[in-house]
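First the structure, in the form of structure tokens, and then the observations on it.
Nothing in this text is a laboratory measurement; each read-out follows from the coordinates by a stated rule. Bear in mind that the values here come from a model prediction, so they are computed numbers and not experimental data. For neighbour counting, all protein chains shown are included, and Cβ atoms are generated from backbone atoms with ideal geometry for every residue, glycine included.
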């Protein structure tokens, strides 16, 4: 029976140890490894991880006592169940094989699992610390959930009670329009689907395939409870960065109240359950209506108090105002009294002014007396001037006599002074009003004694005084006849 061991060669004389070729021993070891172990599960920590351009993954699994090489062929990468990385403790499922050209053996891995909750928690903690240092968990970047969203987006699985709970809760509290993006919430490819759904909701409303769909005002990412392995999709870095980059406020509702995932730290609000997420997304309609009714009642009461206060202030201001009809009647009586007094005072004022004008007229001298007075003063001045001239001549003759002057210069001086005196007298005579009257002119004065220089200032029947060179006469003005001037009735 062939058990896979190499066939011993023919006996050699004097030699008991069998002899093999290199390929024979390598093949025998490979058949022995693959036949003995077959499909195995190996637990260890990933080290020396490399991803080649061909798509194959090469790494090593180690523990406290040893290390084994491992490889994942390109066709098995998508079915691994997790993303391998250095330092991750896993349980790899595959088969042991050898590589004869190098005389080495390796583990061909087909599936990877986290090595218990400790490994998962360590990986989650490392990711949490790294994202916290980047600021993805900062409170300052969290957005406010809208008070009453019009459209609510939901990222969850179509199977299970989560979607039913969210629908019934929103319908009961305040019916809103729901947009549901179904995804796988656990298993292979779940993290990629969740990240794509969040990014897809962010692109709604723009030009593209989803331009006709309304963009949600708030986003709920939810799933039911499960083990730590079941919730690992919500600890994936791609999902966390998609939530951080999403412009829509995100409510995380993953697992039960005691379950905690990293999406709870990066989302804008955490809900302990999917039902609680729906309650956080929309208020209770009946409570809003009751609150609105209460506010309307309070506003009405406040407006009534304001109106009553204003009415009281208006009444107090009205009582402090004087009686308008009384004010008007008093002003009207005062106006009538002033008008009556004015009617009486104006004629009296005119009479007083007329009497004062008559008195002033009586005190004014008559023109004839004024002219005669001026003529008398002129005659006196002429006589005084003649006397002064005679005295001057006598004084001059005396001085000349004392100086023993001849009579000829004295006579010449007298003639000169006499000629000068005659010239002054002629000037006085030329400017005298009497000289004008002597030439045939007449001075016309009205009743007030003022000189009249224009015929337009006289009226028919008006009395005037005519002043001649020797005397005065009274006259009366008559209306003009034809084109002749008005006649004087002497």
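Would you please state which residues of region 218-261 a label at residue 142 would reach in this model, taking the label point 7 Å out along Cα→Cβ and a backbone N cut-off of under 12 Å?
250-252
Ranked from highest to lowest mean number of other Cβ atoms within 10 Å per residue, what is the order of the peptides 315-327, 233-245?
In decreasing order of mean packing, 315-327, 233-245 become 233-245, 315-327.
Say R0 is 41 Å: what FRET efficiency, to the nearest 0.05, do residue 164 and residue 47 get from their beta-carbon distance?
0.35
Taking other Cβ within 10 Å of each residue's Cβ, how do 113, 140 sort, fewest first?
So the residues, fewest neighbours to most, are 140, 113.
Based on the alpha-carbon gyration tensor of region 147-286 and its eigenvalue square roots a ≥ b ≥ c, which shape applies: rounded if a/c is under 1.5, prolate if not and a/b is larger than b/c, or oblate?
It is oblate, given that a/c is not under 1.5 and a/b is not larger than b/c.
Just check region 22-114 against the gyration tensor rule for me: Cα atoms, a ≥ b ≥ c as the square roots of the eigenvalues, rounded for a/c under 1.5, and otherwise prolate or oblate depending on whether a/b exceeds b/c.
Because a/c hits 1.5 or more and a/b exceeds b/c, region 22-114 counts as prolate.
Ignoring everything except DSSP H segments at least 4 long, calculate the 222 nm mean residue ellipticity for the chain; use -39,500 (n - 2.57) per segment, divide by total residues, nearest 500.
-15500 deg cm²/dmol
Using Cβ counts within 10 Å as a stand-in for footprinting exposure, how do 152, 68, 25 rank, fewest first?
Ordered by Cβ neighbours within 10 Å, fewest first: 25, 68, 152.
Quick check: the angle from helix 22-37's long axis to the longest principal axis of the chain, C-alpha only, nearest 10 degrees?
With both axes taken from Cα atoms, the answer is about 80 degrees.
Could you line up 108, 46, 306, 198 from fewest to most neighbouring Cβ atoms inside 10 Å?
306, 108, 46, 198
For the chain, take the longest principal axis of its alpha carbons; what is the angle in degrees between that and the long axis of helix 407-431, to the nearest 10 within 0 to 90?
Rounded to the nearest ten degrees, it is 60.
Mind checking the angle between helix 367-402 and the chain's longest principal axis? C-alpha axes, 0 to 90 degrees, to the nearest 10.
Once rounded, the angle reads 70 degrees.
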